[in-house]
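Colleague: Structure incoming, see below.
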Amino acid sequence: MNRPKLREYVKPKHIKDYPVGPCYTAGHLVTENADWRTEKPVVESTKCTGCFYCYLCCPEGVIYKEGKAVDIDYAFCKGCGICARVCPKKAVKMIRKEKNHGR
Ligand code: SF4
Ligand code: SF4
């Protein structure tokens, strides 16, 4: 399972150095979540069965196995809430996040 990786952005020096097509290989991001998320998903590990359906639906690919349950990489989660909506066990709650109070 591939999670996003942070990669340094190097500005091309010349027009011929600009890539044709996508700027980076899929799965590489140049910045972490810039704290614009208003809600964050929290997994209740006692309810989670580890079915991994939320991983399949997450548009960012930031859900990963943690023991028998799953956890979330908050460095890249955008707080869309899809994981909470699709979880058949209602094991993910979206928690309102106060601005600049960390991840
Ligand atoms: S969909 Fe729900 S029960 Fe399944 S792995 Fe995700 S959080 Fe756990
Ligand atoms: S809130 Fe969205 S981006 Fe974050 S883990 Fe859930 S589905 Fe993925």
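Colleague: Looking at Pro19, Thr31, Thr46, which one has the Cα that reaches farthest to the positive end of the dipole of the stretch 5-96 (charges on Cβ: Lys, Arg +1; Asp, Glu -1)?
Modeller: After comparing all options, I get Thr46.
Colleague: Please compute the net charge surrounding Thr49, taking Lys and Arg as +1 and Asp and Glu as -1 over other residues with Cβ under 9 Å from its Cβ.
Modeller: So the surrounding residues net to +3.
Colleague: Which percentage, to the nearest 5, of the DSSP beta bridges contained in the chain is antiparallel?
Modeller: If we restrict to bridges inside the chain, about 80 percent are antiparallel.
Colleague: Which ³J(HN,Hα) values, rounded to whole Hz and listed in residue order, are derived for the stretch 46-54 from phi using the Karplus coefficients 6.51, -1.76 and 1.60 in 6.51 cos²θ - 1.76 cosθ + 1.60 with θ = phi - 60°, glycine and proline given as x?
Modeller: Result, ordered by residue: 6, 8, 5, 9, x, 5, 6, 5, 4 Hz.
Colleague: Scan around Glu66 for amide H atoms under 5 Å from its own, H built in the peptide plane at 1.01 Å from N, and keep only partners 5 or more places away or cross-chain.
Modeller: Asp71
Colleague: Provide the net charge surrounding Cys87, with neighbours chosen by a C-beta distance below 10 Å and charges set as Lys +1, Arg +1, Asp -1, Glu -1.
Modeller: Taking every Cβ under 10 Å from that of Cys87, the sum is +4.
Colleague: Could you give each residue of the stretch 35-42 its phi-based ³J(HN,Hα) in whole Hz, using Karplus coefficients 6.51, -1.76, 1.60 with θ = phi - 60°, and x for Gly or Pro?
Modeller: Karplus-based 3J(HN,Hα) across the stretch 35-42 equals 6, 8, 5, 9, 10, 10, x, 10 Hz.
Colleague: Follow-up question, since we're still on this one. With θ set to phi - 60°, apply the Karplus curve 6.51 cos²θ - 1.76 cosθ + 1.60 along the stretch 79-90 and write out the HN-Hα couplings as whole Hz, x wherever there is a Gly or Pro.
Modeller: x, 6, x, 4, 4, 5, 5, 8, 4, x, 9, 6
Colleague: If you don't mind, there's one more thing I want to ask. Roughly how big is the stretch 5-96's charge dipole about its Cα centre, with Cβ charges of +1 (Lys, Arg) and -1 (Asp, Glu), in debye to the nearest 20?
Modeller: Using only the charged Cβ atoms, the result is roughly 200 debye.
We did not get these values from a lab; they are worked out from the coordinates using the rules stated. The structure displayed is predicted, hence computed values, not measured ones. Methodologically, a virtual Cβ is constructed for each residue, glycine included, from the backbone with ideal geometry; neighbour enumeration extends over all protein chains shown.
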